[in-house]
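This report refers to the structure that appears directly beneath it.
The values are calculated or read from the model by the stated rules, or taken from the named source; none is laboratory data. These numbers come from a predicted model, not from an experiment. Here the Cβ positions follow ideal geometry from the backbone for every residue, glycine too, while neighbour counts run over all protein chains shown. Note: areas computed on protein heavy atoms with side chains; ligands, DNA, RNA excluded. Shrake-Rupley method; radii C 1.70, N 1.55, O 1.52, S 1.80 Å.
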Amino acid sequence: MAGIRVLPEILSNKIAAGEVVERPASVVKELVENALDARSSRVDIAVENGGKSLIQVSDNGEGMGRDDAMLSIERYATGKIFTDDDLFSIQTLGFRGEALPSIASVSRFRLETRDEASETGTVLFMEGGRLKKVSEAGLPKGTRVSVRNLFYNTPARKKFLKTPQTEMGRVADTVAVISMARPQVRLTLSHNGRAVKNWPPVRDPADRIIDVLGADLSGRLIRAESETPGDMSVSGWISTPDSARSAGTRIFMYINGRPARDPVMRKALLKGYEGRLMKGRFPVSVLFLTLPFDQVDVNVHPAKQEVKFADPRAVYETVAGAVSLALKGLDAPFARRRPPLPPLPKPLRGGAPSPAGVFETLSDYAGRTPSVSPGRPSPARRPSSPESRAAPRPQAEIKFREKPVTTPEETKREKPESRPPKKEEQAPLWEKKRFSDMRIIGRLKNAYILCESPEGLAIIDPHAAHERVIFEKLKKSMAENRPDVQNLLIPETIETGYREAGLLKEMIPDLAAMGFEVEPFGGNTFAVKSVPAMAVNRDIKRLIADMIEKMAEIGFAPGVEKALDECMAVIACHSAVRSGRRLPMEEMKNLLKEMDECDHPSHCPHGRPSWIQWPVKTIEKSFKRIL
């Protein structure tokens, strides 16, 4: 065994870089947070080749003199904490002394800075963690940091970076998340010399939130706020349950203005939605938690992305209570309402008049502007009519396609006994093996179809069954390259984020094979000109958004079968008959016939069972008719 020795400073800096600098987005996060801590009112981020070639962050903040600039590149040097009390009461975004030296150790690093008191600025150049040059130059007040050739001297780490487009998407996401907590700061982002996004300073924080999340959500967000006697408060916006997404990528949490991933707050958010969301659905939310600095420890994660609370139960109850209270107005229109909330002047989705003062939407919030909580958007972004609030389209009557019943000879040839049944499939219903042979005897709560089979009582979930039918139709039409398409009289426009826009561009050919005609419409906006016929009269924007989020979650490569199956499963879920809708007898019979044509009729594409069966013997045992 080799003897113990002290690591060289260059090597220890590289190890520290592994904790702090994971990819270009990590560098951007550290540098932007330093710029904001320097009281900058403007931060410009320029990136080349997804951050692999260049990351440059410029600000107009306080800057540094020569001595401070020299100290800033030393490990454990910081101007933000000085005592034990400071360490356990962090009030800034960045505080770790190893950020700049760690970044410099794995790049070609240049620092240009000048403070108010200095007549000239200081320029430092480092390569691989070694200081190469120090000079003076005429500079404006502020700081500019240039990071070139990231990981050039650590090829093992460089090979784990993704494509420039993917890395740039992560950078754009990082800046967007930071921007929602600093609406008073102008942030600009460019890639390869082209402007990607410009967030101007806004008086109302909600304007910045709408700019980041997209105008489609402006009429679907509810104000949430709550305070406790212990100086803990929650404020922000949460989406209505019908605007929930298939992935939790639109849940944003801020603790004292710092973006964080906290399981306590996340669980509390979902607890507030308990009973209002389907399994696998997640709300859109931007929540700001404010509490005394000594009640939260942000020094538990190298990248400061996780925190530890002194009283997690109080945080949980405060967040869950704020969310639940905000959603109460949707459930009980005649219940006592919070007095500060004004009535909605416009009708709710579906044309029904809204109960006065039940909740605030983002377009109608008119009041407070707390330091970290959002307010209302500018009048220019107000929807001009109820229809422009991106309300779900009215459901259309589902017409099932009639098919001739197979002959006994065909049934005999197609008997499942000719091939072994798959493990995940349920056993055959009965000897005839056809759903259409069952006798429909009624509905249960307008949600389930009750059928009499030779074996007993069969219960069918029409939504899950119809999902399976649509899913297999889509797969068949895609395999045969003849999707059933419906052109839209007025194309739907969809606004996405930078990362989502790149993903949607890659998905266009495969979406076309499923019946979607999607075209870029400038910037991060797309126009949908046609949809699969079975998705007509559905909320197209929400459907496309769910597909993008699902692809971002599992990873998308054009033509990959799993990714396309996930897309088709989302389409089937949106297009299937909704639970609780009254179905005429003829539609129920046609649904059973179409289940007969499916290869796997026993489960929906997400794996939920589409039918269950109670044998007569089980029922008789329950009534003690047999032992």
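State which residue is most open to solvent (accessible area, probe 1.4 Å) when the search covers only the stretch 106-120 and only residues that are outside any strand (DSSP E or B) and among the charged types (D, E, K, R).
E119
Does the stretch 581-627 hold any residues that are in a strand (DSSP E or B) and surrounded by fewer than 20 Cβ atoms within 10 Å (Cβ to Cβ), and which are they?
Answer for the stretch 581-627, where residues must be in a strand (DSSP E or B) and surrounded by fewer than 20 Cβ atoms within 10 Å (Cβ to Cβ): H603, P609, I612, Q613, W614, P615.
Quick check: anything in the stretch 176-186 part of a strand (DSSP E or B) and either closer than 27 Å to I45 by Cβ or open to solvent by less than 20 Å² (accessible area, probe 1.4 Å) (or both)?
yes
If we scan the stretch 244-267, do we find a residue that is in contact with a helix residue (DSSP H, G or I) (Cβ under 9 Å, 6 or more places away or on another chain), within 26 Å of I494 (Cβ to Cβ) and basic (K, R)?
Yes, because at least one residue in the stretch 244-267 is in contact with a helix residue (DSSP H, G or I) (Cβ under 9 Å, 6 or more places away or on another chain), within 26 Å of I494 (Cβ to Cβ) and basic (K, R).
Output the number of the condition that S530 fails; it satisfies all remaining conditions of (1) without any contact (Cβ under 8 Å) to a residue 40 or more places away in the chain; (2) in contact with a Phe, Trp or Tyr (Cβ under 8 Å, 6 or more places away or on another chain).
(1)
Which condition does I209 not pass, out of (1) open to solvent by 10 Å² or more (accessible area, probe 1.4 Å); (2) not in a strand (DSSP E or B), if it passes all the others?
Going through the list (1) open to solvent by 10 Å² or more (accessible area, probe 1.4 Å); (2) not in a strand (DSSP E or B), I209 breaks only (1).
Please work out which residue is nearest to the chain's Cα centre (by Cα), limiting yourself to the stretch 228-239 and to residues that are modelled with pLDDT of 80 or more and open to solvent by 10 Å² or more (accessible area, probe 1.4 Å).
Ranking the qualifying residues of the stretch 228-239, first place goes to S235.
If I ask for residues that are open to solvent by 10 Å² or more (accessible area, probe 1.4 Å), modelled with pLDDT under 90 and either under 27 Å from the mean Cα position of the chain (by Cα) or within 19 Å of P200 (Cα to Cα) (or both), which ones from the stretch 1-29 would you list?
G18, E19, E22
When the residues of the stretch 143-153 are narrowed to those that are assigned to a loop (DSSP other than H, G, I, E, B) and either of a type in the set (K, R) or open to solvent by 20 Å² or more (accessible area, probe 1.4 Å) (or both), which ends up nearest to E112 (Cα to Cα)?
Of everything passing the filter in the stretch 143-153, N149 is nearest to E112 (Cα to Cα).
With (1) modelled with pLDDT of 95 or more; (2) surrounded by 23 or more Cβ atoms within 10 Å (Cβ to Cβ); (3) not hydroxyl-bearing (S, T, Y) as the list, and V123 as the residue in question, which single condition is left unmet?
(2)
I want to confirm something. Restricting to the stretch 30-53 and keeping residues that are part of a helix (DSSP H, G or I) and open to solvent by less than 20 Å² (accessible area, probe 1.4 Å), which single residue is farthest from K158 (Cα to Cα)?
Per the stated criteria, the residue is L36.
So in the stretch 276-295, with the set limited to residues that are within 28 Å of I210 (Cβ to Cβ) and modelled with pLDDT under 85, which one is most open to solvent (accessible area, probe 1.4 Å)?
M278
Confirm whether A535 is in contact with a His (Cβ under 8 Å, 6 or more places away or on another chain) and modelled with pLDDT under 80.
yes
Please verify whether R157 is part of a strand (DSSP E or B) and open to solvent by 40 Å² or more (accessible area, probe 1.4 Å), treating the condition exactly as stated.
no
State whether one or more residues within the stretch 541-552 are surrounded by fewer than 22 Cβ atoms within 10 Å (Cβ to Cβ), at pLDDT 80 or above and over 27 Å from the mean Cα position of the chain (by Cα).
no
Look at the stretch 244-271 and say how many of its residues are among the hydroxyl-bearing types (S, T, Y), in a helix (DSSP H, G or I) and buried (at least 21 other Cβ atoms within 10 Å of the Cβ).
0
Do we have G61 as over 22 Å from K132 (Cβ atoms), modelled with pLDDT of 90 or more and open to solvent by less than 20 Å² (accessible area, probe 1.4 Å) here?
yes
Suppose we filter the stretch 468-500 for residues that are under 13 Å from L592 (Cα atoms) and not hydrophobic (A, V, I, L, M, F, W, C); how many remain?
Adding up the residues that qualify gives 1.
Which of (1) in a helix (DSSP H, G or I); (2) open to solvent by less than 10 Å² (accessible area, probe 1.4 Å) is the odd one out, the single condition I222 does not satisfy?
I222 satisfies every listed condition except (1).
Select, from I103, I90, the only residue that is at pLDDT below 90 and either buried (at least 20 other Cβ atoms within 10 Å of the Cβ) or aliphatic (A, V, I, L, M) (or both).
I90
Consider R313 against the criteria (1) modelled with pLDDT of 85 or more; (2) basic (K, R); (3) under 21 Å from the mean Cα position of the chain (by Cα): it satisfies all of them except one. Which criterion is unmet?
Among (1) modelled with pLDDT of 85 or more; (2) basic (K, R); (3) under 21 Å from the mean Cα position of the chain (by Cα), R313 violates only (3).
Taking the stretch 464-512 only, how many residues are in a helix (DSSP H, G or I), over 28 Å from L591 (Cβ atoms) and open to solvent by 40 Å² or more (accessible area, probe 1.4 Å)?
Residues meeting the conditions: 7.
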